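Everything on this sheet refers to the single structure shown next.
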Amino acid sequence: MEGAGGGFRKDLVSKLLHVHFTDGKTKVGGDALRLMAELLTIFVVEAAVRSVRQAQAEDLALVDVDQLEKVLPQLLLDF
């Protein structure tokens, strides 16, 4: 995530998208990259918030990967 404004860099988002494209000629416009970067930011922040809430519900002081694993199925359904 970049700078104080948060978010993902457009070059990183572009690389992530192109890794999964089957046609090498596929191009992604600037607006689409900004939209995907915003969606990824929202997804990561929501995952962190839900993991913290899960840890609090379990009376834990630290969030571990176990809490993320517990909230991930519902998070994926919500997105």
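The values are calculated or read from the model by the stated rules, or taken from the named source; none is laboratory data. Bear in mind the structure is a predicted one, so any value in this text is a computation, not a measurement. Don't worry about glycine lacking a Cβ; one is built from the backbone with ideal geometry, like all the others, and counts go over all protein chains shown.
Pick from segment 25-79 the residues that are in a helix (DSSP H, G or I) and among the β-branched types (Val, Ile, Thr): which of them is surrounded by the fewest Cβ atoms within 10 Å (Cβ to Cβ)? Break it down stepwise before answering.
Taking segment 25-79 first, the residues in a helix (DSSP H, G or I) are 30-57, 65-78.
Checking which are among the β-branched types (Val, Ile, Thr) leaves us with 41-42, 44-45, 49, 52, 65, 71.
Numbers: THR41: 15, ILE42: 12, VAL44: 14, VAL45: 12, VAL49: 12, VAL52: 15, VAL65: 9, VAL71: 20.
Selected residue: VAL65.
Are there any pairs with C-beta distances below 7 angstrom linking a residue in segment 58-79 that is without any contact (Cβ under 8 Å) to a residue 40 or more places away in the chain to a residue that is of a type in the set (Lys, Arg), with the two at least 6 apart or on different chains, and if so which?
Filtered contacts from segment 58-79: VAL71/ARG50; LEU75/ARG50.
When you check ASP66 against the structure, is it on the phi > 0 side of the Ramachandran plot, at pLDDT 90 or above and of a type in the set (Asp, Glu), yes or no? It would help to see each step written out before you state the result.
Details: on the phi > 0 side of the Ramachandran plot: no; at pLDDT 90 or above: yes; of a type in the set (Asp, Glu): yes.
Taking the combined requirement at face value, the residue does not satisfy it.
Is it true that some residue in segment 2-21 is surrounded by 13 or more Cβ atoms within 10 Å (Cβ to Cβ), among the aliphatic types (A, V, I, L, M) and either in contact (Cβ under 8 Å) with a residue 40 or more places away in the chain or not in a helix (DSSP H, G or I) (or both)?
No.
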